[in-house]
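This report refers to the structure that appears directly beneath it.
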Amino acid sequence: MVLSEQTMLRGWRALAFAGHYSRVEALTDDGLNKVLRYHAVGSGFYDNIDPERLRRDVEYLDAHYELVDLPEVLESSEQKRIALTFDDGYRDFYRNVVPILREYEVPATVFVIADAVEDRSYSHTEQFDCEYMTREELDELVDEELVTVGNHTRSHPRLGELPHEDLEDEIAGAQRRLGSLLDTEIRRFCYPYGSFGERAVELVGETHDFGVFGRGRREPITQSTDPAAIPRINGANPFWEVRWDLSDTATAVGMTLDRFV
């Protein structure tokens, strides 16, 4: 029997609720590292959360885990490591997120769509009239020691559905454009919608140091994780669910369920 994605999501959320409030999540904690993904923070766009919610998240995470830059989650450590990432390059990252990063001295990666930097009328979705960071704001962030700017493709397509001949422009072409516009090396990549195929991952591995995706995947991040395909969990979910997803218990349960679904 093949279950729909929505059915699996509802089932996982019910399991997360039971696991968190029964404290089963705390039974094991071997230090499996995780990456959190966020989108909008205070702008009302996709997966929006309030800035105060993000501040509470960061305060909790900083007190219970080691908050690190993205590459460091691939290294072993005595304490569980968490890295923060933000997709789409919304202007609220500059206005609302960066002050919180500075307040707690926490690093983060923000993934930018190349077309949005040059075309102020651009929007990658019809659902929202998105406001993206300007080139001037991105120039400032390039010099911000806590922030790393990454590549989120040229136009935010589903890479898993693109012909192979279009992947170079969306991945490597966008990397070159962003690097030229911002006068910096762009070495990190994020797959839009969590969609990719084998060739996309190969191309990211050839052109970038790290690639991340996020569609609820629960596999652990270890030193053997492919740097071009690092899984993430959704930080914009209710925080009880985030705490469950961060736990090693959730990872173990999720990996077991994935064998049968």
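None of the figures in this text is laboratory data; all of them are computed from the coordinates on show. Not measured: the values here are computed from a predicted model. Positions of Cβ are backbone-derived with ideal geometry, glycine not excepted, and every protein chain shown enters the neighbour counts.
Comparing mean-square fluctuations of 164, 39, 152 from a GNM of the chain with C-alpha springs under 10 Å, the top value falls on 164.
Against the longest principal axis of the chain, how steep is helix 51-64, in degrees 0 to 90 to the nearest 10, with axes from Cα atoms? Once rounded, the angle reads 60 degrees. Projecting the Cα atoms of 60, 250, 45 onto the charge dipole of the chain, computed from C-beta unit charges around the Cα centre, puts 250 farthest toward the positive end. Short-range pairs are left out: with C-alpha atoms under 8 Å and at least six residues apart, the relative contact order of the chain is 22 percent.
For the stretch 80-111, trypsin sites (Lys or Arg not before Pro) meeting the loop criterion (DSSP other than H, G, I, E, B) and having at most 12 other Cβ atoms within 10 Å: none.
Were the residues from residue 126 through residue 206 laid out at 0.36 nm apart, the gain over their Cα-Cα distance would be 25.6 nm.
In the chain, the longest principal axis of the Cα atoms and the axis of helix 5-21 are about 60 degrees apart. Which chymotrypsin sites (Phe, Trp or Tyr not before Pro) does the stretch 170-261 hold that lie in a coil by DSSP with at most 13 other beta carbons within 10 Å? Filter output for the stretch 170-261: 260. Compute the acute angle (0 to 90°) between the alpha-carbon long axis of helix 198-207 and the principal axis of greatest extent of the alpha-carbon atoms of the chain; round to the nearest 10°. That works out to roughly 60 degrees. Taking the Cα centre of the chain as origin and assigning +1 to Lys and Arg Cβ atoms and -1 to Asp and Glu Cβ atoms, the resulting dipole is close to 1040 debye. Potential lengthening of the chain between residue 193 and residue 64 amounts to 43.5 nm, from the contour at 0.36 nm per residue minus the alpha-carbon distance. Extension gain for the segment residue 256 to residue 136, taken as residue separation times 0.36 nm less the Cα-Cα distance, is 38.5 nm to one decimal.
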